[in-house]
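Asker: Below are the structure tokens for one structure; questions will follow.
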Amino acid sequence: MVIRKLLGYMIVSLVGVFVSFGPAIATPAKEAPWLPDAAAHRLTLFLGNLEPLPWDDIEAAWSDPYRNSEFSVDAMTWLGGRSDIETGPLLDALARRDRQSLFTAATRLIALRIEEELDRALEADNPTSAQQAVRTARELYRAFADGVGVADPEASRRIGRAWLELNSSTGSAGVLGAGATPPDREAMVAARSVISNYLADNYLVDDFAPRQQLSPLPEAAVLSGHSIEMPPSLPPGSDIFDQDPLPLLVLNFEEQGINETDLPLVAYGDMLFDSAQIFGSPARDLGIACSTCHNRSDVNQRLFIPGASHQPGAIDVDGAFFNPIFNDQRDDPLDIPSLRGLRFTGPYGRDGRFASLRDFTRNVIVNEFGGAEPTPFMLDALLAYMLEFDFLPNSKLTAAGRLTDEAPEAARRGEEIFNRPFAGLGNRSCASCHVPDSNFLDRQAHDVGSASPAYEGARAGAFDTPTLLGTVYTRPYFHDGSLPTLAAVVDWFDETKSLGLSETERADLSAYLEAVGSADEPYETFDAENTSFRLAFSELTTFASTLDSLLPRRDAEHILLLTDTVAADLSADASTMSNLAARPEVHALAEQMAKVGAAVRAGDWGSAEAHWAAFRDEAKTIEERAF
């Protein structure tokens, strides 16, 4: 029952702020929009820490609107229309591709922009204009705020009070002239000086200390020599939330009427698949789990991280961001593959380099995402769960891979083309690799020419044959997601392999692929009865049911991984409840699970059993009354 923390999006004001519960647990929260210039600064810091430096992306951070921006203009255009600050130093640093100079220019630019807006607030001839300038200045200050908060909490509180005092001192225009209050200039100047003095000392420095890691830490903190660790954060334009609509999960045991609570190893693996705790930082701290990329065993078409994704639904898991020691120094993001029918689709990895799913899974945890070595029990549980993933039911297709009467006539004509040998394919057919009665794959890797050789004579373009089942819902296609539709795939093969298809034959073959790749119910359906919270709550209580097996074994390590995960997610998922009155009950249930963990940490197994019994009773009550 994979579901990746279906949250009501909690608006937060700072990068790197997460709702948390329990040790080192994080659940991602959607941020408020960034101003274009502040967004470009944060993107510069993030991208500037990748190796090799993605200079084209850094330049685009200033010349293009960031992805999903609520503003239609880029940072430079935004600045040109609103600011008198000189952008020459920034453009010069970009042209020279000088990382330290770029950091200096970008940091000073944002600090000067804050000062520019504060000047406007003090010079405004009416409260409305003054308040707007203060709001803009404070939104720009977001670019520095988390750095100040981590390095200098007292200064952060002092500046926070100054922002409040500044805003309240601007006066009010009243309502239709009634109740108007004049600005308190003296208070405005005093509050502004608190902010400006800190900026002058820390962000308007002429010669910043060299930065090994680019961050918004204040200069004084860097010069202190103290080790200050910034919490991991994602830059503006990132999206790690579940796709919408949410894919329907098909599990073999459920289709046979077996309850997951009767399969504790599977249920524990389900929890691990949804737990960021099995990964290392930054994935763990950002709330990224297996299910972040593979929503309910399928794909996540919206996932995007600047510098690690070239388009939504793709990710470079062996780049600099997730695990620097595993960085292959290549910019090669891959389209996220579906895990449906996983037990049928080996070997594993895009190029089929792992014959064993167990080895592949360990590689993902330890190498790709920098996690600790998983225990044999953890790997057993993950595999037990993932091997239950089934393909989506498709009434247009028989179990032997033949079309049924429900398939359209064009698809039937396309079926003949699919099985027709072509000289351009070495006298083989599409079906030679995508074998219909073997789930439309042959478990081999082939070089069809979809990847350019890395060097002359390279033979690195072979990729594992993907199944065609369910592909209607996993676009785009090919290893790099370069083809947007199945029709584009047909066109590519026709053109590159000289198949000689007519326009009608292309359409028929496309119709066949659409029929094979379709499903009767591809997405989860939510309504008044089946809400996102109900689904999440059912999943989390199922995870918790494994305590019936783990507590008698006194398996502290695996119990704590479960209690930390479930307590955090329960608390976060309460935000999706339509029954607002019941939210405190769910938060109390999360606390009860945390108490199980606390008792286990203390070695008090009697208390752990008691809190687990209380959790079961409270969960049952909530299920009966709260939905």
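Asker: Exactly one of (1) open to solvent by 50 Å² or more (accessible area, probe 1.4 Å); (2) modelled with pLDDT of 95 or more; (3) among the hydroxyl-bearing types (S, T, Y) is unmet by S215. Its number?
Answerer: Just one mismatch for S215, condition (1).
Asker: Now a separate question. For A488, which of the numbered conditions (1) touching a residue at least 12 places away in the same chain (Cβ under 8 Å); (2) assigned to a helix (DSSP H, G or I) fails to hold?
Answerer: For A488, the failing item is (1).
Asker: Additional query: Does T525 count as touching a helix residue (DSSP H, G or I) at 6+ places or on another chain (Cβ under 6 Å), at pLDDT below 95 and open to solvent by 20 Å² or more (accessible area, probe 1.4 Å)? Give the derivation first.
Answerer: Working: touching a helix residue (DSSP H, G or I) at 6+ places or on another chain (Cβ under 6 Å): no; at pLDDT below 95: yes; open to solvent by 20 Å² or more (accessible area, probe 1.4 Å): yes.
Taking the combined requirement at face value, the residue does not satisfy it.
Asker: Do any residues in the stretch 386-406 that are closer than 23 Å to T361 by Cα have Cβ atoms under 6 Å from those of residues that are part of a loop (DSSP other than H, G, I, E, B) and of a type in the set (K, R), where the two are at least six apart or on different chains, and which pairs are they?
Answerer: F389/R340; F391/R340
Asker: Okay, moving on. If you go through the stretch 575-603, how many residues are without any contact (Cβ under 8 Å) to a residue 24 or more places away in the chain, closer than 20 Å to L560 by Cβ and part of a helix (DSSP H, G or I)?
Answerer: Of the residues in the stretch 575-603, 3 are without any contact (Cβ under 8 Å) to a residue 24 or more places away in the chain, closer than 20 Å to L560 by Cβ and part of a helix (DSSP H, G or I).
Asker: Name the residue that is farthest from D84 (Cα to Cα), counting only residues in the stretch 110-150 that are basic (K, R) and open to solvent by 10 Å² or more (accessible area, probe 1.4 Å).
Answerer: Among them, the one singled out is R142.
Asker: Across the stretch 65-86, what is the number of residues that are hydroxyl-bearing (S, T, Y) and surrounded by fewer than 17 Cβ atoms within 10 Å (Cβ to Cβ)?
Answerer: Going residue by residue through the stretch 65-86, those that are hydroxyl-bearing (S, T, Y) are 66, 69, 72, 77, 83.
Now restrict to residues that are surrounded by fewer than 17 Cβ atoms within 10 Å (Cβ to Cβ): 72, 77, 83.
Final tally of qualifying residues: 3.
Asker: Restricted to the stretch 223-258, and to residues that are without any contact (Cβ under 8 Å) to a residue 12 or more places away in the chain and over 22 Å from P393 (Cα atoms), which residue is surrounded by the most Cβ atoms within 10 Å (Cβ to Cβ)?
Answerer: Among residues in the stretch 223-258 that are without any contact (Cβ under 8 Å) to a residue 12 or more places away in the chain and over 22 Å from P393 (Cα atoms), the one surrounded by the most Cβ atoms within 10 Å (Cβ to Cβ) is S224.
Asker: Quick one: would you say T292 is over 17 Å from F369 (Cβ atoms) and either in a helix (DSSP H, G or I) or under 13 Å from the mean Cα position of the chain (by Cα) (or both)? Break it down stepwise before answering.
Answerer: On the way: over 17 Å from F369 (Cβ atoms): no; either in a helix (DSSP H, G or I) or under 13 Å from the mean Cα position of the chain (by Cα) (or both): yes.
No.
Asker: Here is a follow-up. Output yes when any residue across the stretch 405-414 is of a type in the set (A, V, I, L, M), over 27 Å from S309 (Cβ atoms), part of a loop (DSSP other than H, G, I, E, B) and within 30 Å of the chain's Cα centre (by Cα), and no when none is. Steps first, please.
Answerer: Our first condition is that a residue be of a type in the set (A, V, I, L, M); within the stretch 405-414, this holds for 407, 410-411.
The next check asks that each one be over 27 Å from S309 (Cβ atoms); those that pass are 407, 410-411.
Then drop every residue that is not part of a loop (DSSP other than H, G, I, E, B), which leaves 407.
Still in the running and within 30 Å of the chain's Cα centre (by Cα): none.
Within the stretch 405-414, none of the residues are of a type in the set (A, V, I, L, M), over 27 Å from S309 (Cβ atoms), part of a loop (DSSP other than H, G, I, E, B) and within 30 Å of the chain's Cα centre (by Cα).
Asker: Could I ask something else about it? Checking L102 against (1) surrounded by fewer than 18 Cβ atoms within 10 Å (Cβ to Cβ); (2) part of a helix (DSSP H, G or I): exactly one of these is not met. Which one?
Answerer: (1)
Asker: On to the next question. Condition test on G280, is it in contact (Cβ under 8 Å) with a residue 40 or more places away in the chain, out of contact with any strand residue (DSSP E or B) (no Cβ under 7 Å at 6 or more places or on another chain) and open to solvent by 10 Å² or more (accessible area, probe 1.4 Å)? It would help to see each step written out before you state the result.
Answerer: Values: in contact (Cβ under 8 Å) with a residue 40 or more places away in the chain: yes; out of contact with any strand residue (DSSP E or B) (no Cβ under 7 Å at 6 or more places or on another chain): yes; open to solvent by 10 Å² or more (accessible area, probe 1.4 Å): no.
It is false that G280 is in contact (Cβ under 8 Å) with a residue 40 or more places away in the chain, out of contact with any strand residue (DSSP E or B) (no Cβ under 7 Å at 6 or more places or on another chain) and open to solvent by 10 Å² or more (accessible area, probe 1.4 Å).
Asker: Moving to a separate point now. Mind checking which pairs have a first residue in the stretch 440-456 that is open to solvent by 90 Å² or more (accessible area, probe 1.4 Å) and a second that is part of a loop (DSSP other than H, G, I, E, B) and β-branched (V, I, T), Cβ under 8 Å, 6 or more apart or different chains?
Answerer: If the second residue must be part of a loop (DSSP other than H, G, I, E, B) and β-branched (V, I, T), the pairs left are R443/T345; R443/T465; Q444/T465.
Asker: So T621 ticks every box in (1) farther than 28 Å from P374 by Cα; (2) crowded, with 20+ Cβ neighbours inside 10 Å; (3) modelled with pLDDT under 95 but one. Which box is left unticked?
Answerer: That leaves (2) as the condition not met.
Asker: Restricting to the stretch 156-199, and then to whatever is under 22 Å from S224 (Cβ atoms) and touching a residue at least 60 places away in the same chain (Cβ under 8 Å), can you tell me which residue is farthest from the chain's Cα centre (by Cα)? Before you say what the answer is, go through the steps one by one.
Answerer: Residues of the stretch 156-199 that are under 22 Å from S224 (Cβ atoms), as a first pass: 156-160, 194-199.
Filter once more, keeping what is touching a residue at least 60 places away in the same chain (Cβ under 8 Å): 195-196, 199.
Working: I195: 34, S196: 36, L199: 32 Å.
The extreme case among them is S196.
Asker: Is it the case that the stretch 322-337 has a residue that's within 23 Å of R443 (Cβ to Cβ) and surrounded by 22 or more Cβ atoms within 10 Å (Cβ to Cβ)?
Answerer: Start the filter on the stretch 322-337 by keeping residues that are within 23 Å of R443 (Cβ to Cβ), which leaves 334-337.
Among the residues that remain, those that are also surrounded by 22 or more Cβ atoms within 10 Å (Cβ to Cβ) are: 335-336.
Yes: the stretch 322-337 contains one or more residues that are within 23 Å of R443 (Cβ to Cβ) and surrounded by 22 or more Cβ atoms within 10 Å (Cβ to Cβ).
Asker: Still on this structure, please answer the following. Return the only residue of L547, L560, L540 being among the hydrophobic types (A, V, I, L, M, F, W, C), in contact with a helix residue (DSSP H, G or I) (Cβ under 9 Å, 6 or more places away or on another chain) and open to solvent by 10 Å² or more (accessible area, probe 1.4 Å).
Answerer: The match here is L560.
Asker: Residues being in contact with a His (Cβ under 9 Å, 6 or more places away or on another chain) and of a type in the set (A, V, I, L, M, F, W, C): count how many of those fall in the stretch 514-547. Full working, then the answer.
Answerer: Narrowing the stretch 514-547 to residues in contact with a His (Cβ under 9 Å, 6 or more places away or on another chain): 516, 546.
Retained after the next criterion (residues that are of a type in the set (A, V, I, L, M, F, W, C)): 516.
Residues in the stretch 514-547 being in contact with a His (Cβ under 9 Å, 6 or more places away or on another chain) and of a type in the set (A, V, I, L, M, F, W, C): 1 in total.
Asker: What number of residues in the stretch 604-627 are within 31 Å of the chain's Cα centre (by Cα), in a helix (DSSP H, G or I) and of a type in the set (A, V, I, L, M, F, W, C)? Talk me through it step by step, then tell me what you get.
Answerer: Within the stretch 604-627, the subset within 31 Å of the chain's Cα centre (by Cα) is 615, 619, 622-623, 626-627.
Applying the additional criterion that residues be in a helix (DSSP H, G or I) yields 615, 619, 622-623.
Imposing the further condition that a residue be of a type in the set (A, V, I, L, M, F, W, C) reduces the set to 615, 619, 622.
So the count comes out to 3.
Asker: Quick check on R135: is it part of a helix (DSSP H, G or I) and within 36 Å of the chain's Cα centre (by Cα)? Lay out the reasoning, then the answer.
Answerer: Numbers: part of a helix (DSSP H, G or I): yes; within 36 Å of the chain's Cα centre (by Cα): yes.
Considered against the rule, which asks whether it is part of a helix (DSSP H, G or I) and within 36 Å of the chain's Cα centre (by Cα), R135 comes out as yes.
Asker: So L499 passes all but one of these: (1) outside any helix (DSSP H, G or I); (2) closer than 30 Å to F615 by Cβ; (3) touching a helix residue (DSSP H, G or I) at 6+ places or on another chain (Cβ under 7 Å). Which condition number does it fail?
Answerer: (2)
Asker: Out of the residues in the stretch 347-380 that are among the charged types (D, E, K, R) and modelled with pLDDT under 95, which is nearest to R459 (Cα to Cα)? Break it down stepwise before answering.
Answerer: Pass one, the stretch 347-380, residues among the charged types (D, E, K, R): 350-351, 353, 358-359, 362, 368, 373, 380.
Going one step further and asking which of them are modelled with pLDDT under 95, we end up with 350-351, 353.
Numbers: R350: 15, D351: 12, R353: 14 Å.
So the residue we want is D351.
Asker: So which of S510, S545, S532 ends up being more than 27 Å from the chain's Cα centre (by Cα) and more than 21 Å from P436 (Cβ to Cβ)? First the steps, then the outcome.
Answerer: Details: S510 fails: more than 21 Å from P436 (Cβ to Cβ); S532 fails: more than 27 Å from the chain's Cα centre (by Cα).
Criteria check complete, one pass: S545.
Asker: While we're looking at this one, here's another question. Can you name the residue in the stretch 338-355 that is open to solvent by 40 Å² or more (accessible area, probe 1.4 Å) and assigned to a loop (DSSP other than H, G, I, E, B) and, of all such residues, is farthest from D447 (Cα to Cα)? Spell out the reasoning first.
Answerer: Of the residues in the stretch 338-355, the ones open to solvent by 40 Å² or more (accessible area, probe 1.4 Å) are 338, 343-344, 350-351, 353-355.
Among the residues that remain, those that are also assigned to a loop (DSSP other than H, G, I, E, B) are: 338, 350-351, 353, 355.
Values: S338: 20, R350: 12, D351: 10, R353: 14, A355: 18 Å.
The extreme case among them is S338.
Asker: Within the stretch 470-485, work out how many residues are out of contact with any Leu (no Cβ under 7 Å at 6 or more places or on another chain) and assigned to a loop (DSSP other than H, G, I, E, B).
Answerer: Total satisfying the criteria: 7.
The values are calculated or read from the model by the stated rules, or taken from the named source; none is laboratory data. Keep in mind that this is a model prediction, so the values were computed, not measured. So basically every Cβ, Gly included, is an ideal-geometry build from the backbone, and we count neighbours across all protein chains shown. Keep in mind that these areas ignore ligands, DNA and RNA; they rest on the heavy atoms of the full protein, side chains included. Shrake-Rupley method; radii C 1.70, N 1.55, O 1.52, S 1.80 Å.
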